[in-house]
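Q: Pasting in a structure now, in structure tokens, and then I'll have a few things to ask.
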Amino acid sequence: QETIGALIRQFQKDQPGITVKLQAIEEDDMRTKLTTAQAARRLPNLAWLSSELILRLGNSNLLDQKAAGDAIASLGQSDFYSGPLAFMASPEGGYYAVPYAAWVQGIWYRKDWFESRGLAAPTTWESILKAARAFNAPQDRVYGIIIGTSKDTYAEQVFTQFALSNKAFLFSPDGKVTFNTPEMIEVLDYCKQISAFTPPGPESWRDARDLYLNGTCAMMFYSTFTMDDIGVERTGFKGAIVRDLVKKTGFAPYVEHSAVSSFGAVTGFGIMSTGTPDQADACKKLITFLMTRDSYIKAMHMSPGGFNPVLKSVATYPAYLDEPVLRAWGETYHTIARGLDSIQTFAQRDGQIFPGYGNISAQLIIGEALYNLTEKD
């Protein structure tokens, strides 16, 4: 918040006719706050939101697609990675919002353990299951993998990557929710099978991070937000961390079964359609300022690896790459950045956009299904 606040103060200095009131909201509270603001007709003019919430607002005609399109064009549409743009796309062919930051999910694994056993990198269903079984030793409090089995967004994110790797789509071509197709049932069966090699009880992202850092799990699904945890030990975890873990860690950026699936998340700036034309113009100016190279680098360095720029020119710029976390990961970071062109979501299928996914995600329906499957069945 301090970095964004400083940038906004600079913007107001440059644009004396525009006043910006910054309100910081915890991610877990965002859904509730937006619902309350929507009901009270007090939505902000501009909001930095997850793509799921953007789809939800866009589906309710609360986002200004023309203003978003204008901002994207002024920044140079060709400079955006295609994946983040697709996450903001509307069924009408425009964009609900302007993508701002993104992360890529994959399997972070103990490369040194895999090499000692002669195991292939965990990129396919078969190689993941084989490694999870090989390393699982609950009697020694060592577990094969963490996949997410709580009623939360983390479980949904992991499940999505497995599902898309089996062409198990959440929506049929005509927009109906399809959770009982043969492909989806196969994914559910696989998740049930592999959950046998996870720790007892429901696991969240925090369990994944902590167990991987202290050396008691071989693999974890996690976003690139963990790059500073592992790379420079800048983390909320208070326990002992495996020495030189960054050198012992590999990253598998995709999962493959009947298809290859890359998963990630995108946040963006949504300009509300409830504002005036002058307010929309002010929002466009603020977005342009925040995504101008120097401002953008400062913002992305708030969480290197977690916040990845969606503009190619910034992602490859020397001043952006000259940062301790990004230097620690070296070529792995470039693999992650290139992956932004191919990240996928349940909200898309064969070029079609299904904004209704935003409502499904907001209710944590998939996370609850995974919890019931792995912890109750």
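Bear in mind these aren't lab numbers, they're just calculated from the coordinates by the rules spelled out. Since the model is a prediction, treat every value here as computed from it, not as a measurement. As a convention, Cβ positions derive from the backbone with ideal geometry for all residues, glycine included, and neighbour counts pool all protein chains shown.
Q: Which length gain, in nm to one decimal place, applies between ASP322 and ASP244 when the Cα-Cα distance is subtracted from 0.36 nm times their residue separation?
A: Values: separation 78, 0.36 × 78 = 28.08 nm, distance 2.05 nm.
Stretched out fully, the ASP322 to ASP244 stretch lengthens by 26.0 nm.
Q: Moving on to the next point. So if I take the centroid of the Cα atoms in the stretch 1-66 and the same for the stretch 260-294, what is the distance between those two points in Å?
A: 9 Å
Q: Is the shape of the stretch 1-126 rounded, prolate or oblate, going by the alpha carbon gyration tensor and its root eigenvalues a ≥ b ≥ c, with a/c under 1.5 for rounded and a/b larger than b/c for prolate?
A: Prolate, since a/c reaches 1.5 and a/b exceeds b/c.
Q: Which semi-axes, in whole Å and largest first, does the equivalent ellipsoid of the stretch 245-377 have when worked out from the alpha carbon gyration tensor as the square roots of 5 times its eigenvalues?
A: Working: eigenvalues 168, 142, 39 Å².
Semi-axes, largest first: 29, 27, 14 Å.
Q: If you don't mind, another one. Throw me the Rg/Rh for the chain, computed over C-alpha atoms with Kirkwood Rh, two decimals. Write out the running numbers ahead of the final one.
A: Values: Rg = 20.8 Å, Rh = 21.5 Å.
In the chain, Rg relative to Rh is 0.97.
Q: Within the chain, which is the longest segment containing none of the trypsin sites (Lys or Arg not before Pro) that sit in a DSSP loop and have at most 14 other Cβ atoms within 10 Å?
A: Longest gap between qualifying sites, sites excluded: 244-377.
Q: May I pose another question? Let me check I've understood the local charge: for GLN161, count other residues with C-beta under 15 angstrom from its C-beta, Lys and Arg +1, Asp and Glu -1. What total comes out? Mind dumping the intermediate values first?
A: Details: positive: LYS167; negative: GLU156, GLU183, GLU186, GLU256.
Summing Lys/Arg as +1 and Asp/Glu as -1 gives -3.
Q: At what distance in nm do the modelled label points of ASP278 and ASN214 sit from each other, each positioned 7 Å from its Cα along Cα→Cβ?
A: So the two model labels end up 5.8 nm from each other.
Q: Using only Cα atoms and rounding to the nearest 10 degrees, what angle (0 to 90) does helix 125-135 make with the longest principal axis of the chain?
A: 60 degrees
Q: Would you please state which residues of the stretch 1-16 a label at THR292 would reach in this model, taking the label point 7 Å out along Cα→Cβ and a backbone N cut-off of under 18 Å?
A: The answer is 3-16, whose backbone nitrogens lie closer than 18 Å to the label point.
Q: If r is the Cβ-Cβ distance from GLN139 to LYS192 and R0 is 22 Å, what FRET efficiency results, to the nearest 0.05?
A: 0.50
Q: Something else now. Work out the FRET efficiency for SER78 and ASP341 from their Cβ-Cβ distance, taking R0 = 22 Å, and round it to the nearest 0.05. Spell out each step's value before the answer.
A: Working: r = 13 Å, r/R0 = 0.57.
With a Förster radius of 22 Å, E is 0.95.
Q: To continue, here is another question. Please work out the FRET efficiency for the pair SER60 and LYS13, using the Cβ-Cβ distance as r and a Förster radius of 35 Å; give the result to the nearest 0.05.
A: Working: r = 35 Å, r/R0 = 1.01.
Calculated transfer efficiency: 0.50.
Q: Report the extension gain between ALA121 and GLN38 in nm, rounded to one decimal, defined as 0.36 nm multiplied by the number of residues separating them, less their alpha carbon distance. It would help to have the intermediate numbers written out before the result.
A: Numbers: separation 83, 0.36 × 83 = 29.88 nm, distance 4.62 nm.
Answer, rounded to one decimal: 25.3 nm.
Q: Let me ask something else about it. Before rounding to the nearest 500, sum -39500 (n - 2.57) across all DSSP H runs of length at least 4 in the chain and divide by the residue total; then give [θ] at 222 nm in deg cm²/dmol.
A: Details: 19 runs with 163 residues, N = 377.
Computed mean residue ellipticity for the chain: -12000 deg cm²/dmol.
Q: While we're here: Can you give the longest run of the chain that contains no GluC sites (Glu not before Pro) sitting in a DSSP loop with at most 11 other Cβ atoms inside 10 Å?
A: Details: sites that count: GLU26, GLU92.
Longest stretch, sites excluded: 93-377.
Q: Hey, rough spin-label estimate for ILE365 and GLU2, points 7 angstrom out along Cα→Cβ, what's it come to in nanometres?
A: That separation, rounded to one decimal, is 4.3 nm.
Q: Any chance you could give the angle, 0 to 90 degrees and rounded to 10, that helix 2-14 forms with the longest Cα principal axis of the chain?
A: The angle comes out at about 20 degrees.
Q: Quick check on the stretch 78-120: what are the equivalent-ellipsoid semi-axes from the Cα gyration tensor, as sqrt(5λ), descending, whole Å?
A: Details: eigenvalues 291, 19, 14 Å².
So the equivalent ellipsoid measures 38, 10, 8 Å along its semi-axes.
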